[in-house]
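Student: Take a look at this one; I'll ask things after.
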Amino acid sequence: MLKKMAVGMAVAAIAAMALQVQVSAQQGAPARRAVGGTTAGNDAYPTEDQYRNSKEAQALVQKAFALAGTDWRLQERFEKSCGALGPQRPALLRQNAGLPGEPTRVMEPVKIFDNMYFIGYNTIGAWAIPTNQGIILIDALNNEKDAVEIIEPSLKKVGLNPADVKMIIVGHGHFDHFGGAPYFQQKYGSHVAMSKVDWDLIEKPNPNARGPQASRPLPKRDVELIDGQKITLGNETITIHITPGHTPGSLAYYIPVKDHGKAINILMLSGANITPDRASLTAFNTALDAAKEMKAQALINGHPGLFGNEIGWMEQIRETPSQTNPFVLSQEQFGKFGEIMKACAESRLVAMDYKGTN
Ligand SMILES: [Zn+2]
């Protein structure tokens, strides 16, 4: 009886969720949507109308929905992945819903895995991976001030020495990811790695940047990454894939970590959005397939909150570090999550072909 009821409740919850997806689609788009940038700008996403009316798109949404099944952890990720705008920063979603923005706050560093720390804000982070030959830093926050006031003190707080940062891997060529890198490059001689195309991107004058934005210091061109490259420091090797979309050379990384002593692989996506073309989708799919092949079990995103309640999960880890890591899925769950992300990304792409005939 009890079992039957639980199943009934799960079915009801899914039905409610399906309804929610439809209702939110039917509410129509506000005149101007705030969207996370891609190289295609605001044209990267279908309108709510295109998305709702494209049978092909809705079939893919249903496919993703079915993949999540009764697994609430996958349902949570499905909700974040599908929709006309796809995974977006919580701040943008709040803006679109007409809600006041959540204030930016600096977080205490969090030991997400035995050998990986989150450092930074609730909206943007940097990750420190200590190895036996120094520290790999992934991303470097906004500017020199963040490097001095957040990254250095956070590293010290978790027992790491900022002078040991040997390599900074920049996920993509935007200031909130490389801003603190020149400081480390100058002070500690840290190497800075970025995709070759994103080095080109940041060195081009930005026509939209004015005043202090235009004159912000850039890291000196150093390590140029290409698709499939491996970066090794001491006992850690990170594999890189290039996923054009958010920028031409946004990175997907495969990072071996330890979770409560157990070795697992994780995927990090620096730019999780595709541009509306098959080449961008194919690169995204290839990166997700590679993650599945490497038996990845967790996804970390450059901006917390895109695919789940990442800030909440980090707070949970800080409060109860011995409990099961909320970032970690089984290999089977992660495989399904990858298929959900793929179907949802493709749903946006095919919806854009919908020209409004019914
Ligand atoms: Zn960006």
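The values are calculated or read from the model by the stated rules, or taken from the named source; none is laboratory data. Here the structure is a predicted model, which means the values were calculated and not measured. Because the Cβ atoms are built from the backbone with ideal geometry, glycine has one as well, and the counts that use them run over all protein chains shown. Keep in mind that these areas ignore ligands, DNA and RNA; they rest on the heavy atoms of the full protein, side chains included. Shrake-Rupley method; radii C 1.70, N 1.55, O 1.52, S 1.80 Å.
Student: Could you name the lysines in cross-link range of Lys63, using Cα to Cα under 20 Å and dropping any fewer than eight places away on the same chain?
Tutor: Lys63 reaches Lys55, Lys80, Lys292, Lys336, Lys342.
Student: How big is the antiparallel share of DSSP beta bridges in region 222-343, given as a percent to the nearest 5?
Tutor: So the antiparallel bridges in region 222-343 amount to around 75 percent.
Student: Related question: Per residue, how much accessible area does region 232-358 show when a 1.4 Å probe rolls over the protein heavy atoms, in square angstrom?
Tutor: On a per-residue basis, 36 Å².
Student: Would you work out what percent of the accessible area of region 84-149, with all protein chains in place, is carbon or sulfur (probe 1.4 Å)?
Tutor: Of all accessible area on region 84-149, carbon and sulfur atoms account for 50 percent.
Student: Output ³J(HN,Hα) for region 85-92: one whole-Hz value per residue in order, computed from phi by the Karplus curve 6.51 cos²θ - 1.76 cosθ + 1.60 with θ = phi - 60°, and x for Gly and Pro.
Tutor: After applying 6.51 cos²θ - 1.76 cosθ + 1.60, I find 9, x, x, 10, 4, x, 4, 6 Hz.
Student: Quick one: of the DSSP bridges fully inside region 175-257, what percent are antiparallel, nearest 5?
Tutor: The antiparallel proportion sits near 75 percent.
Student: Which value in nm describes the separation of the simple spin-label points at Gln133 and Thr47, placed 7 Å from the Cα toward the beta carbon?
Tutor: Using points 7 Å along Cα→Cβ, the separation is 5.6 nm.
Student: When only C-alpha pairs under 8 Å and at least 6 residues apart count, what is the relative contact order of region 52-165, in percent?
Tutor: It rounds to 13 percent for region 52-165.
Student: Here's something else I'd like to know. In region 290-358, carbon and sulfur make up what percent of the accessible area (probe 1.4 Å)?
Tutor: Of all accessible area on region 290-358, carbon and sulfur atoms account for 48 percent.
Student: Check His191: other-chain or 5+ apart residues with amide H under 5 Å from its amide H, H built from backbone geometry?
Tutor: When sequence neighbours closer than 5 places are left aside, the close amide H contacts are Met167, Ile168.
Student: While we're looking at this one, here's another question. Near the amide H of Glu236, under 5 Å away, which other amide H atoms are found, from residues 5 or more places off or on another chain, if H is placed in the peptide plane?
Tutor: Asn132
Student: What is the calculated FRET efficiency for Thr320 to Glu102, with r their C-beta to C-beta distance and R₀ = 22 Å, to the nearest 0.05?
Tutor: With R0 = 22 Å, the Cβ-Cβ based efficiency is 0.40.
Student: Can I ask one more? What order, most packed first, do the peptides 151-163, 176-188 have when packing is the mean number of other Cβ atoms within 10 Å of each residue?
Tutor: 176-188, 151-163
Student: Tabulate in residue order the Karplus-calculated ³J(HN,Hα) for region 169-182, using 6.51 cos²θ - 1.76 cosθ + 1.60 with θ = phi - 60°, rounded to whole Hz; enter x for Gly and Pro.
Tutor: Listing the rounded values in order: 9, 9, x, 6, x, 10, 4, 6, 10, 10, x, x, 5, x Hz.
Student: Convert each backbone phi in region 50-61 into a coupling constant with the Karplus relation 6.51 cos²θ - 1.76 cosθ + 1.60 (shift: θ = phi - 60°), then list the ³J(HN,Hα) values in order as whole Hz, x for Gly and Pro.
Tutor: 4, 5, 5, 8, 7, 5, 4, 5, 5, 5, 5, 4
Student: Give me the lysines in straight-line cross-link reach of Lys157: C-alpha distance below 18 Å, same-chain residues under 8 apart excluded.
Tutor: Within the straight-line limit of under 18 Å, Lys157 reaches these lysines: Lys111, Lys145.
Student: Taking H placed 1.01 Å from N in the peptide plane, check which residues at least 5 places from Ala140 or on another chain put their amide H under 5 Å from its amide H.
Tutor: Amide H neighbours of Ala140, under 5 Å, 5+ apart: Phe178, Gly179, Gly180.
Student: Name all residues of region 214-230 having a backbone nitrogen under 16 Å from the label point set 7 Å from the Cα of Ala279 along its Cα→Cβ direction, giving them as ranges.
Tutor: 227
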